[in-house]
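The values are calculated or read from the model by the stated rules, or taken from the named source; none is laboratory data. A quick note: this is a predicted structure, and the numbers were derived from the prediction, not measured. Every residue, glycine as well, gets a Cβ built from its backbone with ideal geometry; the counts of neighbours run over all protein chains shown. All accessible areas refer to the heavy atoms of the entire protein, side chains included, with ligands and DNA or RNA removed. Shrake-Rupley method; radii C 1.70, N 1.55, O 1.52, S 1.80 Å.
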Amino acid sequence: MINDNGKFTGIMCLGEDITDKRTSESSYKELFNTIRQAIYIQDLEGRFLDVNDGALEIYGYQKEDFIGKTPEFLSAPGLNDLEKLGTYIDNAINGSPQRFEFWGKKKNGDIFLKDMSLVVSNYFGRKVLIATAIDITERKNAEIETKKLLNNLKKSESTLLHLLKMSPIAVRIAKANGSEVVFANNAYVALIQTNLFSVLGKNPKNYYAHKEEYETIVEQINNDEIIYNRLIELSINHQTVWSLASYTPIEFEGEKCVLGYFYDITEQKNLQTELQEQKEEFETIFNTSKDGIAVLDMESNFLDFNEAYLKMTGFSREELLETSCIALSAPEDRERAIDAMTTAAEIGYIIGFEKTCIVKNGKRIVINMTVTLLPDKTRVLINTKDITENKNHEYQLEHIAHYDALTELPNRVLNSDRLRQAMIQAVRRNEKIAVLYLDLDGFKEVNDRYGHSIGDQLLIALSIQLKQALREGDTLSRLGGDEFVVILVNMDDTSMALPIIQRLLDAASKTIPLENITVQVSASIGATFYPQFDNVDADQLIRQADQAMYEAKQSGKNRYHIFDAEHDRTIRTRHESLDRIRQALINDEFVLYYQPKINMRTGAMIGAEALIRWQHPDEGLIPPLQFLPIIENHPLAVEVGEWVINEAISQIQRWQKQGLNLPISVNVGSRQLLQGEFVERLQLILAQHENFDSSLLEIEILETSALEDVNRASQIIEACKTLGIHFALDDFGTGYSSLTYLKQLPVKTLKIDQSFVRDMLIDCDDLAILAGILGLAKAFDREVIAEGVETHEHGNQLLLLGCELSQGYGIARPMPPKELLQWSRKWEENKAWIV
């Protein structure tokens, strides 16, 4: 852009629909760099935003040597009055253009005198300081030498005249009344574009475009005033010549005269005029473009915008200036919009970025946007086009091709595409996905009895309920009839699918009122997981899930069955696996990892959960789901469980010696808990650890384990309490507990299952369940800790519900003992989860 004084302040790139503007920008930049004098653009703190080629030529620096720096390195030390310079700058900022001489220093150390001007321009809501400079060392030296010669005029007048004739600066001597030229050098004759005989004896007033200005100059000279660097307009052969002129009263050949110096700046002045015209052209484009154009700072706050942008958004100028471009983005596109701004800052531009905006009165529009970083690197320019109508048309066509007409769910085509994409992402992110094949039990009977209309209504209602049971990012598709496919994504392990499958079964079995009747069906679900040991494609996964669904239906309906090739292979070699696990226990190959628990309100670490891992000598670290299910109903489960308790107690004591006094919780399965000698065997383990504070050990049991024999579980918990050991009910909310059972089980803590916590931000039912669990806990005076806390948003919501204790990947993943000790010290320094 060009400011009001014709100086360069930035370049606009208006996008794909205004390529002619890019051409104008190129011409404008060429003009900026063609000017011979130095031009600097600075912010009001003095930092350079841009300089032209003239500045680089004068100083000998590269452009990157200027950008972001203040001009002290260009000043000649000890030769300038810096306090006076500050006054010049303040005057310019207050609206008074300044002109003065200043000593400069080049990169090679040469000192030179420059004629400087300062002016402030307001462009796109931001004031910038425009400075120009001309090297006048040669001219100044010539003037000084001339003055010296004039002082000795009587001694060496002929020498003076000879030097003046040879001077590259235009010089002429006229009588004091200004009526007649008595001397002119060759440079002056060239300036006037004539010959010496046409100049001598003539009134120089004839060359001035404004005669009254010449008369004012003559009057000042007659009053013995010296005029320095006045911009005058000459009219030579019907053309305008601009010159910087200086006038000094002298005595020449015994007569009072005036000595004039003239420096031709016509070329610079013409270029300045052209730059001003370019500025006006750009401003016209900006204000008349049919595209919405806006200028933002690097935080996306609006600085300026054109009428088209105001019309597109419906906001007033005042309203837009109080918000930001990111704030207008729809919530689902906000992160993408932030990424686009970041990318534009890094590479200079983003072309063809589409996002949804929420504008005046909540209206949603889709825009295509080009983002361009301006040269000062502190602002961006956006060019936008409203493409809402086109997008709506595209959406209608896509919807017809990819969605089921009855339920509005993705159809078989879209399901296959999403499944393939999910498989690619799972491999790339080292995650798991689940494919579920769901078939309704009893749907044919409803359809036959009540007709297809009722059957269609039932499918629509069930589709809504099934979708509500899923997480954001999961896909529910209808293949046809009463068959559905579900794709579960973003899973760290396959166990994360189980509570979702249960929610789907619950949703499918709800009674549904339709017209004047109430109907109820159920579902059989087959599940398979990916990646697998063998290489399979999307169609094979669907067939595996379909086969597993058939097994579920054959087993009695209203249930699920998992098809897992690796698991089946493990079952076939179960005896070998049991022997290997027993050998691992003997060889001390098992290790415990620890996941911290914190109080989110205070930031304190309140404990850790011990989680077993198998450090296999050949296969590396094996997660528990790959070996614990094998021993779940085997006596070996008790041996492994007792090893966990013993190792956890040993680790507590080791940490105590290192200054960390941390409670540890261990998981105990139903087989180990309900065996006849659990309390006695626990006492034996405690006896092996001298001076151990048993209150530092907590036992976690699954809700379903406790409900297998509530009376027996209650007796065991009470007996352990006499030893100082407390219990926690793990995965609370996923079993079939009742108020009676909760009252009977004297557990200290309820651990809310991670499936409710993870989805509470998007699932109102999960949020309601959480609130209910917290209410129960308060009523029964139980502590509550939430699992599955992955983000600050989860933590904030839990605090609002009254739950302060939590654990999850958003705090820390399970880690070895040494790492947890280091983590705890770093955590005490940061306490990053205090909200």
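Considering only segment 37-86, state which residues are aromatic (Phe, Trp, Tyr) and open to solvent by 20 Å² or more (accessible area, probe 1.4 Å).
Once the filter is applied, which keeps residues that are aromatic (Phe, Trp, Tyr) and open to solvent by 20 Å² or more (accessible area, probe 1.4 Å), segment 37-86 yields TYR61, PHE73.
Which ones in segment 487-501 are touching a helix residue (DSSP H, G or I) at 6+ places or on another chain (Cβ under 9 Å) and either in contact (Cβ under 8 Å) with a residue 60 or more places away in the chain or part of a strand (DSSP E or B) (or both)? If you could, list the steps in order and put the result at the bottom.
Taking segment 487-501 and keeping what is touching a helix residue (DSSP H, G or I) at 6+ places or on another chain (Cβ under 9 Å), we get 487-491, 493-496, 498-500.
Of everything in segment 487-501, those that are touching a helix residue (DSSP H, G or I) at 6+ places or on another chain (Cβ under 9 Å) and either in contact (Cβ under 8 Å) with a residue 60 or more places away in the chain or part of a strand (DSSP E or B) (or both) turn out to be ILE487, LEU488, VAL489, ASN490, MET491, ASP493, THR494, SER495, MET496, PRO499, ILE500.
Quickly run through segment 460-474 and pick out the residues that are surrounded by fewer than 21 Cβ atoms within 10 Å (Cβ to Cβ) and not in a loop (DSSP other than H, G, I, E, B).
Those that are surrounded by fewer than 21 Cβ atoms within 10 Å (Cβ to Cβ) and not in a loop (DSSP other than H, G, I, E, B): ILE460, ALA461, SER463, ILE464, GLN465, LYS467, GLN468.
Being touching a residue at least 12 places away in the same chain (Cβ under 8 Å), outside any loop (DSSP other than H, G, I, E, B) and open to solvent by 80 Å² or more (accessible area, probe 1.4 Å): is that true of GLN615 here?
Yes.
Look through GLU609, GLU576, GLU551 and report the one residue that is of a type in the set (Asp, Glu) and closer than 21 Å to LEU702 by Cβ.
It is GLU609.
With respect to ARG418, is the statement that it is in contact with a Pro (Cβ under 8 Å, 6 or more places away or on another chain), touching a residue at least 12 places away in the same chain (Cβ under 8 Å) and outside any loop (DSSP other than H, G, I, E, B) true?
When the stated conditions are applied, ARG418 passes them.
Which one is least open to solvent (accessible area, probe 1.4 Å) among residues in segment 522-536 that are free of Cβ contacts under 8 Å to residues at least 60 places away in the same chain and under 18 Å from ILE487 (Cβ atoms)?
Checked segment 522-536; the qualifying residue least open to solvent (accessible area, probe 1.4 Å) is VAL536.
Output the residue which, of all residues in segment 601-612 that are small (Gly, Ala, Ser) and surrounded by 18 or more Cβ atoms within 10 Å (Cβ to Cβ), is nearest to THR704 (Cα to Cα). So that I can check it myself, show each step before the final result.
Keep residues of segment 601-612 that are small (Gly, Ala, Ser), which gives 603-604, 607-608, 610.
Add one more test, that the residue is surrounded by 18 or more Cβ atoms within 10 Å (Cβ to Cβ), and what stays is 607-608, 610.
Details: GLY607: 24, ALA608: 22, ALA610: 20 Å.
Residue satisfying both the conditions and the ranking: ALA610.
Only one of (1) of a type in the set (A, V, I, L, M); (2) more than 29 Å from SER555 (Cβ to Cβ); (3) open to solvent by less than 70 Å² (accessible area, probe 1.4 Å) fails for ALA405. Which number is that?
(3)
Among the residues of segment 343-360, is there at least one that is part of a helix (DSSP H, G or I), without any contact (Cβ under 8 Å) to a residue 40 or more places away in the chain, β-branched (Val, Ile, Thr) and open to solvent by 70 Å² or more (accessible area, probe 1.4 Å)?
yes
Taking interchain pairs and intrachain pairs at least six residues apart, which have beta carbon atoms under 8 angstrom, with the first residue in segment 575-600 and more than 20 Å from LEU611 (Cα to Cα) and the second among the small types (Gly, Ala, Ser) and part of a helix (DSSP H, G or I)?
From segment 575-600, the pairs are MET600/GLY795.
When only residues in segment 475-486 that are free of Cβ contacts under 8 Å to residues at least 60 places away in the same chain and not small (Gly, Ala, Ser) count, which is least open to solvent (accessible area, probe 1.4 Å)?
VAL486
So which of SER695, SER705 ends up being among the hydroxyl-bearing types (Ser, Thr, Tyr), part of a helix (DSSP H, G or I) and under 15 Å from SER650 (Cα atoms)?
Going through SER695, SER705 in turn, the sole match is SER695.
Name the residue that is surrounded by the most Cβ atoms within 10 Å (Cβ to Cβ), counting only residues in segment 624-678 that are basic (Lys, Arg) and touching a helix residue (DSSP H, G or I) at 6+ places or on another chain (Cβ under 8 Å).
Looking at the filtered set, the residue picked out is ARG671.
Step by step: first the residues of segment 524-557, then only those that are assigned to a strand (DSSP E or B) and of a type in the set (Ser, Thr, Tyr), then the one that is farthest from ILE424 (Cα to Cα). Which residue is that? Step through it out loud before you land on a result.
From segment 524-557, those assigned to a strand (DSSP E or B) are 524-530; that's our starting set.
Keeping just the survivors that are of a type in the set (Ser, Thr, Tyr) gives 524, 528, 530.
Working: SER524: 28, THR528: 16, TYR530: 10 Å.
Only one residue tops the list, namely SER524.
Please enumerate the residues belonging to segment 504-519 that are surrounded by 12 or more Cβ atoms within 10 Å (Cβ to Cβ), touching a strand residue (DSSP E or B) at 6+ places or on another chain (Cβ under 7 Å) and not in a strand (DSSP E or B).
Of everything in segment 504-519, those that are surrounded by 12 or more Cβ atoms within 10 Å (Cβ to Cβ), touching a strand residue (DSSP E or B) at 6+ places or on another chain (Cβ under 7 Å) and not in a strand (DSSP E or B) turn out to be LEU504, LEU505, ALA508, SER509.
Restricting the first residue to segment 307-322 and requiring it to be touching a residue at least 24 places away in the same chain (Cβ under 8 Å) and open to solvent by less than 90 Å² (accessible area, probe 1.4 Å), which pairs with a second residue that is part of a helix (DSSP H, G or I) and not small (Gly, Ala, Ser) meet a Cβ separation below 6 Å and a spacing of at least six or different chains?
GLY314/LYS360; PHE315/LYS360
State which residue pairs qualify: first residue open to solvent by 20 Å² or more (accessible area, probe 1.4 Å) and inside segment 369-385, second residue charged (D, E, K, R) and assigned to a strand (DSSP E or B) in any location, beta carbons under 6 Å apart, and separation of 6 or more residues or different chains.
Within 6 Å, the pairs are PRO375/ASP50.
Determine the pairs where a residue that is more than 15 Å from ALA608 (Cβ to Cβ), located within segment 822-835, has a partner that is open to solvent by less than 60 Å² (accessible area, probe 1.4 Å) and at pLDDT below 70 with Cβ atoms under 8 Å apart, the partner being 6 or more residues away or on another chain.
none
Within segment 562-600, take every residue that is surrounded by 15 or more Cβ atoms within 10 Å (Cβ to Cβ) and assigned to a loop (DSSP other than H, G, I, E, B) and give me the one that is modelled with the lowest pLDDT.
The selected residue is ASP564.
What number of residues in segment 697-721 are of a type in the set (Gly, Ala, Ser) and under 16 Å from GLU677 (Cβ atoms)?
Of the residues in that region, 2 qualify.
Considering only residues that are among the hydrophobic types (A, V, I, L, M, F, W, C) and touching a helix residue (DSSP H, G or I) at 6+ places or on another chain (Cβ under 8 Å), look in segment 133-165 and name the one that is modelled with the highest pLDDT.
Among residues in segment 133-165 that are among the hydrophobic types (A, V, I, L, M, F, W, C) and touching a helix residue (DSSP H, G or I) at 6+ places or on another chain (Cβ under 8 Å), the one modelled with the highest pLDDT is ALA133.
Hey, HIS393 hits all of (1) part of a helix (DSSP H, G or I); (2) under 30 Å from PHE305 (Cα atoms); (3) open to solvent by less than 20 Å² (accessible area, probe 1.4 Å) but one; which does it fall short on?
(3)
So which residues in segment 741-758 are at pLDDT 85 or above and either of a type outside the set (D, E, K, R) or within 29 Å of the chain's Cα centre (by Cα) (or both), if there are any at all?
PRO746, VAL747, THR749, LEU750, ILE752, GLN754, PHE756, VAL757, ARG758
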